[in-house]
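Visitor: The structure's right below; bear with me while I get my questions together.
The values are calculated or read from the model by the stated rules, or taken from the named source; none is laboratory data. Everything numeric here is computed off the predicted structure, so don't read it as measured data. Glycine gets a Cβ as well: all are built from the backbone with ideal geometry, and neighbour counts include every protein chain shown. Heavy atoms of the whole protein, side chains included, go into the accessibility calculation; ligands, DNA and RNA do not. Shrake-Rupley method; radii C 1.70, N 1.55, O 1.52, S 1.80 Å.
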Amino acid sequence: MILDPDGFIGTLLAIEGITDARAVLNGPTGCRGYPAYFSDRHYPREDFLNRGTLKELFFFGQPRIPYTYLDSEDYILGSTQKLQEILPLIAEKGATFLAIVNSPGASLIGDDLKRFLAEAHLDDICMAFEVAAYSRPFPEGFDMAITAVLKWLRLNHLPHIKKRVNLLGFSMFQKYWQGNIAEIMYLCELMGLSVVSVPGAGSSVSEIRESTTASFNIVIFPEYCRKTAEFYESEFGISSVYSPGGAPVGFDATEKWIKTIATATGCDPTPALEEIRKRRRYAYHQIARYNHEAGYPEGTTFAIRGDSSFVLPVTSWLYEYLGMVPVSVELMAGEDADTVDSLKEYLAANNFSEILGTRPALVKPDFYFGDGLSGKDLELSGRCRKSVEIFNRETGDVQFIQKAFLGGEGALWILEQIFTAVENFPG
């Protein structure tokens, strides 16, 4: 059962991931429900407790992504009248930036949104997405949207400041995205680097405007930012740093990531490496304790489905660090070609080539790393023993504490999930 959102949803969530931006959907009711709920749940705004918004026209009970509620007549006569009603009302709410996004059906009407915005004198704060990566992978839609926003903002060419960097590739679609950003920023600070912006994942328009002062872009998940990185490099001369081992997941990949960043930026990796080694020592003592009390996961099997830049480091880390055996590896659409090549090489070198693309339901792994709904489906049907959720399509767990699965903090979280499950596995 594959229920991944597409590039259209990626476009909307990219806009909603900008702190003071708002996406406005030009479309019918059915296209709005999921992204409006998702963005409010996973990135609530400071005014989300002002429930008066829910009663206002065009919001229809949800505080995010107001829409024009197109009906059959609008598909014949056009959507201009409703746009004339909605946009001034939304603009009055004080967002720094607005983006009107056509639904797939609305894009067939043929309304000239750019002309409408110019005539309404709103083209200084609002851009139009007349098409939005329909039926393309989510990461591709996200990347295209952020690139389009950067172009529309007409960023200034500012002097590069040596120790400033941007983080690229984060999205609210990723589990614990805010905790992951905090962990990566912490490691950057230990290396003497200052993070200017994280476009599409919690940065404001003003921070994005300042992003051109960075000397480097640090790419965490390339699936979500290849075009964005290319734009920064071609337009502003900001080089991008990619880690050959994928995202910094697990101790080994995080240490490799730190060394890669330090080499590229000329920073001292020592404090960040020492922090990871401190976490590694702590993990060693915990593992020694729980191995004595409750067993060890060596020999347990796991399946994983996710972005290629996540799958590669997790697969190698669990196999080499804990002795767990991969039996199913699946990649979400929009994978990064370079990372896929590295993954295939790694699987072939360890005689696991045949597991790439194998469905987890067929091999019944002990652990499943993927989205929450698929994981629960496997658990409840007896086709896996424990699922670990790594994407924000969740089953309703309430979260109060900020968590991460990247860096040293993330490695400890993953180990906690595994050892807690092993302790409760029936003998």
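Visitor: Please figure out what share of the DSSP beta bridges in the chain is antiparallel and state it in percent, rounded to the nearest 5.
Guide: Roughly 5 percent of the DSSP beta bridges within the chain come out antiparallel.
Visitor: Over the alpha-carbon set of the chain, divide Rg by the Kirkwood Rh and report the Rg/Rh ratio to two decimals.
Guide: That ratio equals 0.99.
Visitor: Let me ask something additional. Rolling a 1.4 angstrom probe over the protein chains, ignoring ligands and nucleic acids, what is the accessible area of Lys151 in square angstrom, nearest 10?
Guide: 120 Å²
Visitor: I'd like the FRET efficiency for Phe425 and Glu119, computed as 1/(1 + (r/R0)^6) with the beta carbon distance as r and R0 of 56 Å, rounded to 0.05.
Guide: Efficiency computed from Cβ-Cβ geometry: 0.30.
Visitor: Please turn the phi angles of the stretch 370-378 into ³J(HN,Hα) values with the Karplus equation 6.51 cos²θ - 1.76 cosθ + 1.60 (θ = phi - 60°), one per residue in order, whole Hz, x for glycine and proline.
Guide: x, 7, x, 5, 5, x, 5, 4, 5
Visitor: Would you work out the relative contact order for the stretch 1-152, in percent, from Cα pairs under 8 angstrom that are 6 or more residues apart?
Guide: RCO, the stretch 1-152: 37 percent.
Visitor: For the stretch 68-113, with every protein chain kept in place, what is the accessible area per residue (1.4 Å probe, Å²)?
Guide: Accessible area per residue: 48 Å².
Visitor: Below 12 Å, Cα to Cα, which aspartates and glutamates can Lys344 reach? Residues fewer than 8 away in the same chain don't count.
Guide: Glu330, Glu354
Visitor: Continuing with the same structure: Could you state the accessible area per residue of the stretch 288-403 in Å², with a 1.4 Å probe and every protein chain left in place?
Guide: Per-residue accessible area for the stretch 288-403 comes out at 45 Å².
Visitor: Same structure again: Per DSSP H run of n ≥ 4, the term is -39500 (n - 2.57); total these for the chain, divide by its residue number, and report the mean residue ellipticity at 222 nm rounded to 500 deg cm²/dmol.
Guide: So the calculated ellipticity at 222 nm is -13500 deg cm²/dmol.
Visitor: Anyone know which of Ile258, Ile401, Ile90 comes out most mobile in the 10 Å Cα GNM of the chain?
Guide: Judging by the Gaussian network model, the answer is Ile401.
Visitor: Sort 154-166, 219-231 by packing, meaning the average of other beta carbons within 10 Å per residue, with the highest value first.
Guide: Going by the mean number of other Cβ atoms within 10 Å, highest first, we get 219-231, 154-166.
Visitor: When the dipole is taken about the Cα centre of the stretch 218-332, and only Lys, Arg (+1) and Asp, Glu (-1) are charged at their Cβ, what size is it in debye, to the nearest 20?
Guide: In total the dipole reaches around 320 debye.
Visitor: Find the relative contact order for the stretch 352-424 and round it to a whole percent, using C-alpha pairs within less than 8 Å whose residues are 6+ positions apart.
Guide: With pairs under 8 Å counted, the relative contact order is 23 percent.
Visitor: Let me ask something else. Given R₀ = 35 Å, what would the calculated FRET efficiency be for Ser72 paired with Lys162, taking r from the Cβ atoms and rounding to 0.05?
Guide: 0.05
Visitor: Provide the per-residue ³J(HN,Hα) series for the stretch 407-423, in order, calculated from phi with Karplus coefficients 6.51, -1.76, 1.60 and θ = phi - 60°, each as a whole number of Hz, with x at glycine and proline positions.
Guide: Those phi angles translate into x, x, 4, x, 4, 5, 5, 4, 4, 4, 4, 5, 5, 5, 5, 4, 4 Hz.
Visitor: Relative contact order of the chain: what whole-number percent is it, with Cα pairs under 8 angstrom and at least 6 residues apart?
Guide: So the answer I get is 15 percent.
Visitor: Using 1/(1 + (r/R0)^6) with R0 = 56 angstrom and r between the beta carbons of Glu85 and Leu373, what's the FRET efficiency to the nearest 0.05?
Guide: Once the sixth-power term is evaluated, E becomes 0.95.
Visitor: Calculate one ³J(HN,Hα) per residue across the stretch 132-137 by plugging θ = phi - 60° into the Karplus curve 6.51 cos²θ - 1.76 cosθ + 1.60, and present them in order as whole Hz with x for glycine and proline.
Guide: Once θ is set to phi - 60°, the couplings for the stretch 132-137 become 9, 6, 4, 6, 8, x Hz.
Visitor: Same structure, new question: Roll a 1.4 angstrom probe over the protein heavy atoms and tell me the percent of accessible area of the chain that is carbon or sulfur.
Guide: Ligands and nucleic acids excluded, carbon and sulfur give 52 percent.
Visitor: Now for a separate question. Starting from 0.36 nm per residue, how many nanometres of slack lie between Leu380 and Lys403 once their C-alpha separation is accounted for?
Guide: Roughly 5.7 nm would be gained on extension.
Visitor: Next up: Compute, for the chain, the length of the dipole vector about the Cα centre, with Cβ point charges of +1 (Lys, Arg) and -1 (Asp, Glu) only. Units Debye, rounded to 20.
Guide: Dipole size: approximately 680 debye.
Visitor: Amide H neighbours of Phe369 under 5 Å, at least 5 residues apart or on other chains, H built in the peptide plane: list them.
Guide: Amide H to amide H, under 5 Å and 5 or more residues apart or across chains, Phe369 pairs with Ala303, Ile304, Arg305, Val388.
Visitor: For the stretch 72-181, take the alpha-carbon Rg, divide it by the Kirkwood Rh, and send me Rg/Rh.
Guide: With Rg and the Kirkwood Rh in hand, the quotient comes to 1.03.
Visitor: Calculate I(q)/I(0) for the stretch 129-198 by the Debye formula, one identical point scatterer on each C-alpha and no solvent, and give its log10 at q = 0.24 Å⁻¹ to two decimals.
Guide: Taken in order of the listed q values, log10 I(q)/I(0) reads -1.12.
Visitor: For Gly200, what charge total do you get from the other residues with a beta carbon under 11 Å from its beta carbon, if Lys and Arg give +1 and Asp and Glu give -1?
Guide: -2
Visitor: Quick one: length gained pulling Leu362 to His285 fully straight, 0.36 nm per residue minus the C-alpha distance?
Guide: 24.1 nm
Visitor: Follow-up. 5 Å is the cut-off here: which amide hydrogens, built 1.01 Å from N in the peptide plane, fall below it relative to Val101, excluding neighbours closer than 5 in sequence?
Guide: HN-HN under 5 Å from Val101: Val24, Leu25, Asn26, Phe129.
Visitor: With everything on Cα atoms, drop me the angle between helix 33-42 and the longest principal axis of the chain, reported from 0 to 90° to the nearest 10.
Guide: It works out to around 60 degrees.
Visitor: Here's a follow-up. What does the charge add up to near Leu108, with Lys and Arg as +1, Asp and Glu as -1, over the other residues with Cβ less than 12 Å from its Cβ?
Guide: Taking every other residue near Leu108 into account, the sum is -3.
Visitor: Mind scanning Lys151/Lys256; Lys278/Lys386; Lys162/Lys227 and naming the pairs with a C-alpha gap bigger than 26 Å?
Guide: Cα-Cα > 26 Å for Lys151/Lys256; Lys278/Lys386; rest within.
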